[in-house]
Amino acid sequence: MVWRVGVVGYPIQHSISPAIHQAAFDALGIPARYERWAVPPADLPAWVASLRNAQTLGANVTVPHKEAVMPLLDTFSSTAHAIGAVNTIVQRDGQLHGDNTDAAGFLRGLADIGGVPAGAPAVLLGAGGAARAVAYALLQARIGPLSIFNRHPERARALAADLGRGASVEAFALDAPERRERLARCALLVNTTAVGLHGERLLPPEEVPTHALVVDIIYNPPETPLLADAARRGARTLNGLPMLVYQAALAFERWTGRQPPLDRMFAAARAALG
Ligand code: ATR
């Protein structure tokens, strides 16, 4: 039997998850075919039902389904529940378990380049689905106080309220006057917005911190204007590729119980990006 597994999204044609996972299955000799499933929102319930069979290992879930898929599943990890989003589904005996490996994947990427100490002030740009996973990861690692800036400030406030619970989290509009000062004294800056995908600048270069670790979760292009500005100003930088590969590796472990070959996964990701 060939195991069935894949990634669901809409659109999905640009996902490099098939390349990353297939490389790991092939390297370990596990007979599995990792597919790419383009499923519009109206078809999500039928697609979820199609996972409930013995041949399916599970699935990765991406935009726009990470939140919408939750009511269609049977059980959740505490992480998926706290983040309010699922990026990994595991099928066992017809039951579907929702998990989220984005937060742990983000922290592994951070750890690889030396990390950020607990108690270090951090700035998060964005308050969408990806920001929720990163904010959760930062609180888990006790990084903060955390300042969240978002174009629509009510989304930042909702995220702070959901994840705050006694932690030090403040929410602001993207253009709030506090931004300059929070950026100047942060030890970690993370961009989770889509700004930079097409060469746009989210921050004026002179506001990009010089003594911080600057992370952009975008991996294509590998260097956004934010990361280029940060590098020019002497900051340490990290793009989104390690987070992408580590969240994939953690999903692979959930499905197979095996440690995937990370070097193969990184190589496949780089090759797929060209
Ligand atoms: P994802 O799951 O990738 O986080 P999302 O939930 O749609 O996707 O969130 C996209 C993020 O990028 C949001 O923080 C969004 O800001 P708003 O919540 O204010 O919409 C941010 N974003 C997208 N385009 C932006 C732009 N042109 N300027 C500033 N922020 C932008």
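The values are calculated or read from the model by the stated rules, or taken from the named source; none is laboratory data. What you see is a predicted model, and the numbers here were worked out from it, not measured in a lab. Counting neighbours? That spans all protein chains shown, and the Cβs are built from the backbone with ideal geometry, glycine included. Accessible surface areas use protein heavy atoms only, side chains included; no ligands, DNA or RNA. Shrake-Rupley method; radii C 1.70, N 1.55, O 1.52, S 1.80 Å.
Mind checking which residues of the range 184-195 are more than 9 Å from the ligand (Cβ to nearest atom) and surrounded by fewer than 23 Cβ atoms within 10 Å (Cβ to Cβ)?
Residues satisfying the conditions are A184, R185, A187.
Which one of these is without any contact (Cβ under 8 Å) to a residue 24 or more places away in the chain and open to solvent by 70 Å² or more (accessible area, probe 1.4 Å): H198, H152?
Details: H152 fails: without any contact (Cβ under 8 Å) to a residue 24 or more places away in the chain.
Only one candidate qualifies: H198.
One residue is enough: does the range 91-101 have a residue meeting the conditions hydroxyl-bearing (S, T, Y), in contact (Cβ under 8 Å) with a residue 12 or more places away in the chain and either within 12 Å of the ligand (Cβ to nearest atom) or more than 21 Å from P18 (Cβ to Cβ) (or both)?
No, that holds for no residue.
Residue by residue through the range 151-206, note down the ones that are in a loop (DSSP other than H, G, I, E, B), under 14 Å from V123 (Cβ atoms) and touching a helix residue (DSSP H, G or I) at 6+ places or on another chain (Cβ under 9 Å).
Those that are in a loop (DSSP other than H, G, I, E, B), under 14 Å from V123 (Cβ atoms) and touching a helix residue (DSSP H, G or I) at 6+ places or on another chain (Cβ under 9 Å): L174, A176, T192, T193, L202, L203.
Of everything in the range 117-132 that's open to solvent by 20 Å² or more (accessible area, probe 1.4 Å) and more than 16 Å from the ligand (Cβ to nearest atom), which residue is nearest to L188 (Cα to Cα)?
Step by step, filter the range 117-132, then rank; the result is P121.
Just a yes or no: is a residue in the range 222-237 open to solvent by 60 Å² or more (accessible area, probe 1.4 Å), within 21 Å of the chain's Cα centre (by Cα) and within 27 Å of N60 (Cβ to Cβ)?
Yes: one or more hits.
Restricting to the range 55-78, and then to whatever is away from the ligand (no atom under 16 Å from the Cβ) and in a helix (DSSP H, G or I), can you tell me which residue is least open to solvent (accessible area, probe 1.4 Å)?
L72
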